[in-house]
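Structure first, then comments.
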Amino acid sequence: MSAANPNASSVPTAVVISIGEELLEGRIADTNSGTFARELLLQGLHVTKMYTVGDGIGELQALLTQLADHVDVILTTGGLGPTADDRTRDDVAASLGVQVIPIPVDGAVEHLAEVYKKYHDHPATEAFLAQASMPAGAEPLRNGVGSAWGFMVNLGTRTRLYCLPGPPVECISTFRDGGASEDLEQRFRAGSSLAHGVLHTAGAPESVVEEHLRELIIDGGNPRLGITANADKVSISVLARSEEPTEPAEHLLETTLQDLQQRLGTLWWGRDAQTMASIAVESLQKAGQTVAVAESCTGGRLAAAITGVAGASQVFSHGWVTYSDQAKQQQLQVPADLFEQFGAVSVEVASAMARGARQVSGCDWALAITGIAGPGGGTEEKPVGTVCLAISGPDTDYSICRLQFARAGRDAIQRQSVRDALDMLRRGMNGLPQLS
């Protein structure tokens, strides 16, 4: 989704460049481009293009020459490591007509030498130490979680160039904590003119969510809305632009999000970086309650989602992956006759799993999942994607059978099932109508 009137002279423009043959060949997925498109958006810049270039000599230099003075910001990721194909420093230096010099930070090279010494029985190579270098005239960007320094420099008279390491964790750390984000804010000071937020929903497909918001999406004004969907959630992205002097972007954003929440009712559950699992853990912590889970077709993904949240140890006590009928009987006390009468994929078995998990664990809440994740195992009566879920809790004992979107594959069926189980917990804890 792009900003309204993105070509207006008041909106600075940016280009993101990802570097590496491994990206071009699909050996590694490029997650940096999307991350920094959003980061730059939140700084008030409009990303006009994204490029992926290889590691060949002069490839980056040629692209920089083409872009210099045509955009306000160029942000590159990759090509700053210790191998022969890491040429970002050399290509930028060639574009500027300068030499590559050591980072002018006391102890930078020596620190790298010490890091190398911990893992090798010989002195650091020149290539490894070169990670603490940059084109002359540039400013260093500290990498707090890796060895390769980034740098920033003016390219021509208009363009500000930021070069960051490729590994995503190092990349975002160098950008946010190394000085690039602060430099951007000081130079463009446009962050207050844009505000961006995302509202997350569950319990209904994208088409149903869109029905609640259609008039706002068709309007195409300010704010601008967009909908994205995956196996975990349906999200509404909102981009607001200040309408000076009367309507700051942040106020317009918050007003719109409140309107969306009212329109969506019980479908919306969180905002921005929140996840259903983080919402569940936070809710359980506030209530002083605990949860256990019993899984079959999801193979532990529900437990992994919850325990992936910091602080989960305060609220999560037990998790079972009872893949076989025998395990369900032995571990969760599911009566054998339920399998004979209804089958393992049934609301009756799911309910018994949840009740058994709650009884054995002593938790306040228990969730259960049993289903057919595919690609085989389905029947005409119970096709692939059939998943039964149950929740057992204070004054709550509910189960449901849902047909997940099977064409997206096994992984998506499992993710959808985890989403629905967590949504059942959210609804149960808040006294909301359960999934239907």
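The values are calculated or read from the model by the stated rules, or taken from the named source; none is laboratory data. Model, not experiment: these values are computed from the prediction. Virtual Cβ from ideal backbone geometry, glycine too; neighbours counted across all protein chains shown.
Looking at 253, 213, which is the one that is in contact with a strand residue (DSSP E or B) (Cβ under 9 Å, 6 or more places away or on another chain) and either under 23 Å from residue 44 (Cβ atoms) or of a type in the set (Phe, Trp, Tyr) (or both)?
On the way: 213 fails: either under 23 Å from residue 44 (Cβ atoms) or of a type in the set (Phe, Trp, Tyr) (or both).
After ruling out the rest, the residue left standing is 253.
List every residue pair whose Cβ atoms sit under 6 Å apart, with the two residues 6 or more apart in sequence or on different chains, where the first one lies in region 199-225 and is under 12 Å from residue 268 (Cα atoms) and the second, anywhere, is assigned to a loop (DSSP other than H, G, I, E, B) and modelled with pLDDT of 95 or more.
Every condition considered, the pairs that remain are 200/233; 202/233.
Determine, yes or no, whether residue 362 is outside the structural domain of residue 202 (by TED's automatic domain parsing), touching a Phe, Trp or Tyr at 6+ places or on another chain (Cβ under 6 Å) and at pLDDT 95 or above.
Numbers: outside the structural domain of residue 202 (by TED's automatic domain parsing): yes; touching a Phe, Trp or Tyr at 6+ places or on another chain (Cβ under 6 Å): no; at pLDDT 95 or above: yes.
The answer is no for residue 362.
Take the residues of region 285-296 that are of a type outside the set (D, E, K, R) and buried (at least 24 other Cβ atoms within 10 Å of the Cβ): which is nearest to residue 412 (Cα to Cα)? Break it down into steps so the answer makes sense when it comes.
We begin by selecting, within region 285-296, every residue of a type outside the set (D, E, K, R); these are 285, 287-294, 296.
From the residues that got through so far, the ones that are buried (at least 24 other Cβ atoms within 10 Å of the Cβ) too are 291-294, 296.
Details: 291: 24, 292: 23, 293: 20, 294: 19, 296: 15 Å.
My answer is 296.
Just one of 310, 304 is in a loop (DSSP other than H, G, I, E, B) and surrounded by fewer than 24 Cβ atoms within 10 Å (Cβ to Cβ); which is it? Before you say what the answer is, go through the steps one by one.
Values: 304 fails: in a loop (DSSP other than H, G, I, E, B).
Checking each option against the conditions leaves just 310.
Residue by residue through region 381-414, note down the ones that are buried (at least 20 other Cβ atoms within 10 Å of the Cβ) and within 22 Å of the chain's Cα centre (by Cα).
Result: 413, 414.
Tally time: how many residues in region 328-346 are surrounded by fewer than 20 Cβ atoms within 10 Å (Cβ to Cβ) and under 30 Å from residue 286 (Cα atoms)?
The qualifying residues number 1.
Applying the selection to region 21-32, what residues are of a type outside the set (A, V, I, L, M) and either touching a residue at least 24 places away in the same chain (Cβ under 8 Å) or in contact with a helix residue (DSSP H, G or I) (Cβ under 9 Å, 6 or more places away or on another chain) (or both)? Give the steps one after another, and end with the answer.
Let us first name the residues in region 21-32 that are of a type outside the set (A, V, I, L, M), namely 21-22, 25-27, 30-32.
Within region 21-32, 21, 27, 30, 31, 32 qualify.
Can you pull out every residue in region 322-346 that is touching a helix residue (DSSP H, G or I) at 6+ places or on another chain (Cβ under 9 Å) and among the aromatic types (Phe, Trp, Tyr)?
If the condition is that a residue be touching a helix residue (DSSP H, G or I) at 6+ places or on another chain (Cβ under 9 Å) and among the aromatic types (Phe, Trp, Tyr), then 339, 342 are the ones that fit.
Where the second residue is of a type in the set (S, T, N, Q) and the first is in a helix (DSSP H, G or I) and lies in region 122-141, which pairs have Cβ atoms under 6 Å and are six or more apart or on separate chains?
Filtered contacts from region 122-141: 131/147.
Yes or no: region 235-244 includes at least one residue that is of a type outside the set (Gly, Ala, Ser), touching a residue at least 60 places away in the same chain (Cβ under 8 Å) and either within 16 Å of residue 43 (Cα to Cα) or outside the structural domain of residue 105 (by TED's automatic domain parsing) (or both).
The initial filter retains those residues of region 235-244 that are of a type outside the set (Gly, Ala, Ser), namely 236, 238-239, 241, 243-244.
Of the ones still in play, those that are also touching a residue at least 60 places away in the same chain (Cβ under 8 Å) are 239, 241.
Those still in the list that are either within 16 Å of residue 43 (Cα to Cα) or outside the structural domain of residue 105 (by TED's automatic domain parsing) (or both) too: 239, 241.
Checking region 235-244: at least one residue is of a type outside the set (Gly, Ala, Ser), touching a residue at least 60 places away in the same chain (Cβ under 8 Å) and either within 16 Å of residue 43 (Cα to Cα) or outside the structural domain of residue 105 (by TED's automatic domain parsing) (or both).
Looking at region 153-176, which of its residues are touching a Lys or Arg at 6+ places or on another chain (Cβ under 8 Å), more than 18 Å from residue 131 (Cα to Cα) and either charged (D, E, K, R) or crowded, with 20+ Cβ neighbours inside 10 Å (or both)?
Across region 153-176, the qualifying residue is only 160.
Please go through (1) more than 17 Å from residue 351 (Cα to Cα); (2) among the basic types (Lys, Arg); (3) at pLDDT 95 or above for residue 407 and return the number of the only condition it doesn't satisfy.
Unmet for residue 407, out of (1) more than 17 Å from residue 351 (Cα to Cα); (2) among the basic types (Lys, Arg); (3) at pLDDT 95 or above: (3).
Restricting the search to region 87-107, which residues are assigned to a loop (DSSP other than H, G, I, E, B), in contact with a helix residue (DSSP H, G or I) (Cβ under 8 Å, 6 or more places away or on another chain) and among the charged types (D, E, K, R)?
The answer is 87, and nothing else.
Between a residue in region 160-177 that is on the phi > 0 side of the Ramachandran plot and any residue that is among the small types (Gly, Ala, Ser), which pairs come within a Cβ distance under 7 Å, given they are 6 or more apart or on different chains?
none
Quick one: in region 361-412, of everything that is free of Cβ contacts under 8 Å to residues at least 60 places away in the same chain and among the charged types (D, E, K, R), which residue is nearest to residue 435 (Cα to Cα)?
Per the stated criteria, the residue is 402.
Is it true that residue 180 is out of contact with any Ser or Thr (no Cβ under 8 Å at 6 or more places or on another chain) and at pLDDT 95 or above?
On the way: out of contact with any Ser or Thr (no Cβ under 8 Å at 6 or more places or on another chain): no; at pLDDT 95 or above: yes.
Against the criterion (out of contact with any Ser or Thr (no Cβ under 8 Å at 6 or more places or on another chain) and at pLDDT 95 or above), residue 180 does not qualify.
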